[in-house]
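**Q** The structure follows.
All of the numbers you see were taken from the coordinates with simple rules; none came from a lab. On a predicted model such as this, the values are computed, not experimentally measured, just so you know. Here the Cβ is made from the backbone with ideal geometry for all residues, glycine too, and neighbour counts use every protein chain on show.
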Amino acid sequence: STVYLNNQFIPSDEARISPMDRGFLFGEGIYEVIPSYDGQFIGLQQHLDRLLDGLNALAISAPLNNQQWIDLCKKLLASNQGQDLAVYIQVTRGSGPTRQHAYPENSTPTVFAFAFEIPAQPIADKNSAVTYKVSSQQDLRWKRCQIKSTSLLGNVLHYQQGIDEGNKETILFNTKDELTEASSSNVFIVKGNTIMTPPLDNQILPGITRHILLAVLREHSQFNIEERVISYQEVINADEVWLTSSTKEIAPVIQLGEHTIASGEVGDVWLHAQTLFSKYKY
Ligand code: PDD
């Protein structure tokens, strides 16, 4: 496949990065995963805005301007095979003269991007919905989860623990037993006429799928939409639980640990939400 590395489009097996790169030494970088279906990106500008927020948080000056990022994303779609591709972008601080914690005086950021195939956009249909059984764990990551950092060890450990328990994701709760997010997704719950998701703070990533879904539901549905603290008890007693992320859109959770969610079937509200999400582009 063709990848992008520091201003060049090259075959992936020719890409070379220094082991002194601070992305390698410290996990000091920001990334994005931007989905596309049939050549159309979902939330492209919002992903690029979040990338910039992350770079600002790390005081890395943006190596490309907005139009250059857009061109890069389009070019990766054009130069790779596949109907439905996500573009992965990673920016690290680059390398310094030696391994030292302090930011080096003048380093050149490393920009790496490639495209990879993702599942087709979910069809709003109960029978073909990809359902999730998930683990439940105490959130043991760090306190800056709003930064989309490439340092994903905490997330990977949670995710793998879920896999080891025979599940496909892990939903996380803080020490007060409040829902934060999942190891690679945001979480929504439905109870009666209300659709809820935790508020944006340092405990969760401000997901683009979360953002678009909230906007679509507020504009086009009759449900009450709440961003508020959600307890573990509320999750296990919910009518529906969903995961959201760029590579899965809205995915119904049918089991959390030992607890079956409602009847263990895909819910009507999921069907409504995925129908609206597929219809409206933001
Ligand atoms: N993960 N929370 C976490 C911890 C995530 O890693 C992700 C995305 C999300 C959902 O964000 P968005 O809707 O913007 O994709 C929430 C990406 C897809 C990944 O790491 O592969």
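**Q** Can you pull a Stokes-Einstein diffusion coefficient for the stretch 2-117 at 20 °C (1.002 mPa s), Rh from Kirkwood over Cα pairs, as a whole number of µm²/s?
**A** Rounded, D is 146 µm²/s.
**Q** Say a paramagnetic label sat at a point 7 Å from the Cα of Ser151, along Cα to Cβ; which residues of the stretch 22-65 have their backbone N under 16 Å from it?
**A** The answer is 22-31, 54-60, whose backbone nitrogens lie closer than 16 Å to the label point.
**Q** Counting other Cβ atoms within 10 Å of each Cβ, which chymotrypsin sites (Phe, Trp or Tyr not before Pro) in the stretch 237-280 have at most 15 and sit in a DSSP loop? Walk me through the intermediate numbers first.
**A** Working: sites: Trp242, Trp270, Phe277, Tyr280; in loops: Tyr280.
Counting only loop positions with at most 15 other Cβ atoms within 10 Å, the chymotrypsin sites (Phe, Trp or Tyr not before Pro) in the stretch 237-280 are Tyr280.
**Q** State, to one decimal in nm², a quarter of the convex hull surface area for the C-alpha atoms of the chain, i.e. the direction-averaged projected area.
**A** The Cα convex hull of the chain, projected and averaged over all directions, gives 15.1 nm².
**Q** Still on this structure: Check Glu240: other-chain or 5+ apart residues with amide H under 5 Å from its amide H, H built from backbone geometry?
**A** Val190
**Q** Among Tyr232, Tyr103, Tyr132, which one shows the biggest mean-square fluctuation in a GNM of the chain, springs joining Cα atoms closer than 10 Å?
**A** Between Tyr232, Tyr103, Tyr132, it is Tyr103 that shows the largest mean-square fluctuation.
**Q** Mind putting a number on the dipole of the stretch 94-193 about its Cα centre? Charges go on the C-beta only, +1 for Lys and Arg and -1 for Asp and Glu, and I need it in Debye to the nearest 20.
**A** 180
**Q** Gain in length, Glu226 to Arg16, computed as 0.36 nm per residue apart minus the alpha-carbon separation, to one decimal in nm?
**A** That pair, Glu226 and Arg16, stretches by 71.0 nm at full extension.
**Q** So, one more: How would Ser221, Ser185 line up from fewest to most surrounding beta-carbon atoms within 10 angstrom?
**A** Ser221, Ser185
**Q** Could I ask something else about it? If you stretched the chain out fully between Asp49 and Asp84, how much longer would it get, using 0.36 nm times the residue separation minus the C-alpha to C-alpha distance?
**A** 10.4 nm
**Q** Within the stretch 179-252, list the trypsin sites (Lys or Arg not before Pro) lying in a DSSP loop whose Cβ has at most 11 other Cβ atoms in a 10 Å radius.
**A** Details: sites: Lys191, Arg210, Arg218, Arg228, Lys248; in loops: Arg228, Lys248.
Those that pass, being in a loop and sparsely packed, are Arg228.
**Q** Oh, and also: Taking loop as defined by DSSP and a crowding limit of 15 other beta carbons within 10 Å, which trypsin sites (Lys or Arg not before Pro) in the stretch 105-151 fit?
**A** Of the trypsin sites (Lys or Arg not before Pro), the ones in loops of the stretch 105-151 whose Cβ has at most 15 other Cβ atoms within 10 Å are Lys143, Arg144.
**Q** Ok, one more. Using a Gaussian network model of the chain whose springs link C-alpha atoms within less than 10 Å, name the residue from Ala86, Ala59, Ala129 with the highest mean-square fluctuation.
**A** Ranking Ala86, Ala59, Ala129 by mean-square fluctuation puts Ala59 first.
**Q** Between Thr98 and Asn193, what FRET efficiency follows from the Cβ-Cβ distance if R0 is 45 Å, with the result rounded to 0.05?
**A** Details: r = 59 Å, r/R0 = 1.32.
For Thr98 and Asn193, the calculated efficiency is 0.15.
**Q** Taking the chain as a Gaussian network, where each spring joins two C-alpha atoms under 10 Å apart, which residue of Thr131, Thr175, Thr108 fluctuates the most?
**A** Thr175
**Q** Could you give me the ³J(HN,Hα) list for the stretch 213-229, computed from phi with Karplus coefficients 6.51, -1.76, 1.60 and θ = phi - 60°, whole Hz, x at Gly and Pro?
**A** 4, 4, 5, 5, 5, 5, 7, 10, 10, 8, 6, 6, 10, 10, 9, 7, 4
**Q** Take the Cα atoms of the stretch 193-282, find their three principal axes, and give me the spread along each one in whole Å, biggest first.
**A** Cα spread of the stretch 193-282 along its principal axes, largest to smallest: 37, 31, 26 Å.
**Q** Same structure, new question: If you place +1 on the Cβ of every Lys and Arg, -1 on the Cβ of every Asp and Glu, and leave all else neutral, what size is the dipole of the chain about its Cα centre, to the nearest 20 Debye?
**A** Taking the Cα centre of the chain as origin, the dipole is about 580 debye.
**Q** Roughly speaking, what is the stretch gain from His259 to Arg218, that is 0.36 nm per residue apart minus the C-alpha to C-alpha distance, in nm to one decimal?
**A** 11.8 nm
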